[in-house]
Protein chains: 2
Amino acid sequence: MTDSASQIFVTTALKSWNVWTGRAAKLFDSLSDEQMQAEIAPGKNRPYYLLGHLVAVDDAMIPQLRLGEPDYTHLRAPFIDSPDKAVTDPIPVAELRQAWKIVHEKLNAHFEQLSPSEWLERHSTVSEEDFAKEPHRNRLAILMSRTGHVSYHIGQLMLLPK
Amino acid sequence: MTDSASQIFVTTALKSWNVWTGRAAKLFDSLSDEQMQAEIAPGKNRPYYLLGHLVAVDDAMIPQLRLGEPDYTHLRAPFIDSPDKAVTDPIPVAELRQAWKIVHEKLNAHFEQLSPSEWLERHSTVSEEDFAKEPHRNRLAILMSRTGHVSYHIGQLMLLPK
């Protein structure tokens, strides 16, 4: 396996991340602030909540990938620990749209810097001891998991009444 | 980059595939035949349709990955080309559940055989000429794309009224 082959593995995974986060960005951009408040189905989450949820979860990738400090820990309580409509909306939708951009620009800047071997280093929620036995618990696994998480919620957003 | 590192890339991607297809299998298994007929939200797809859709799409991976012939091409018209409820249900749900198992066992048996360098070979919907310029259009890209497709529809299935 050559260095260029290992770069292709990483590029393939990053392209998948870019496709799904790109679809999500386009979808949220296509919704008016009013549409962001409409439930995707009766009694289900609003796009506003899902946007906040994705910002909070993706922001948490920064420490999970051992790339630094997260910026939006204050969004975890309302958008991860709480279901939709359990608390008063904590942040205006315009700020949430901005936060999405900031989080993903920051992540993508980091991603461009990581070498293939750095992608295979452990993520922060596995101990060094466990990682020695389970080397697939690496940064790339976090990237793929979060890619799947984005596509999961896009599926739901696509149910929004046209 | 060593051979063992390249195997870790593949294992990481396969684990993601296994997580999401495993979640889907568990979810479909948890639904009664009656629940399979209930719309996930008013006017939206039934789990029955989504199961058929996932069988048809994942079965098509066999030729897309250049691993042989698909078994369920007759499910493409009702479950890919047609939206839900456009045609009479073409197959009993019990057979569809069986088809899911057959398709995924077959895929997983193939996946265990592929070496890391074989994963980086082109998929069938890109020409050799284009692949030379875009080496990320490989089998692994199909795997990741279909993993995202499964998670997308799981997100929708999770909206089913409890």
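Could you work out how far the C-alpha centroid of segment B:81-125 sits from that of segment B:1-50, in angstrom? Measuring centre to centre over Cα atoms gives 11 Å. With its label point put 7 Å out from Cα toward Cβ, B:Pro83 sits 2.9 nm from the same residue's point in the other copies, in order from shortest. Taking the 0 to 90 degree range and rounding to the nearest ten, how far is the long axis of helix A:139-157 tilted relative to the main principal axis of chain A, both from C-alpha atoms? Value to nearest ten degrees: 20.
Every helix of 4 or more DSSP H residues in chain A counts as -39500 (n - 2.57), and over all residues that averages to -19000 deg cm²/dmol at 222 nm.
Report relative contact order for segment A:76-162 in percent, whole number only (criteria: Cα-Cα under 8 Å, sequence separation at least 6). Result for segment A:76-162 is 16 percent. Within the shell defined by Cβ-Cβ distances under 13 Å, the residues around B:Ile102 carry a net charge of -2, with Lys and Arg each +1 and Asp and Glu each -1.
Can you give the angle from 0 to 90° between the axis of helix B:3-30 and the longest principal axis of chain B, with both taken from C-alpha atoms, to the nearest 10? That works out to roughly 10 degrees.
Pairwise alpha-carbon distances in segment B:3-157 exceed 23 Å for 39% of all pairs.
Between A:Ser82 and B:Glu69, the FRET efficiency from the beta-carbon distance, with R0 = 51 Å, is close to 0.55.
What do you get for the angle between helix B:47-59 and the principal long axis of chain B? Use alpha-carbon atoms, 0 to 90 degrees, nearest ten. Tilt relative to chain B: about 20 degrees. Placing a label point 7 Å from Cα along the Cα-to-Cβ axis, A:Ala132 is separated from the same position in the other copies by 4.8 nm, shortest listed first. Taken about its Cα centre, the protein assembly as shown carries a charge dipole of about 420 debye when Lys and Arg each add +1 at the Cβ and Asp and Glu each add -1 at the Cβ. Rounded to the nearest whole Hz, the Karplus-based 3J(HN,Hα) values (6.51 cos²θ - 1.76 cosθ + 1.60, θ = phi - 60°) of segment A:70-75 follow the sequence x, 9, 10, 4, 5, 8, with x at glycine and proline. Partner lysines whose Cα lies under 25 Å from the Cα of B:Lys85, excluding those fewer than 8 positions away in the same chain, are identified as A:Lys44, A:Lys162, B:Lys26, B:Lys44, B:Lys101, B:Lys162.
Readers should treat all values here as calculations from the given coordinates under stated rules, not as data from a laboratory. This is a predicted model, so every value here is computed, not measured. Cβ atoms come from the backbone with ideal geometry, glycine included; neighbour counts cover every protein chain shown.
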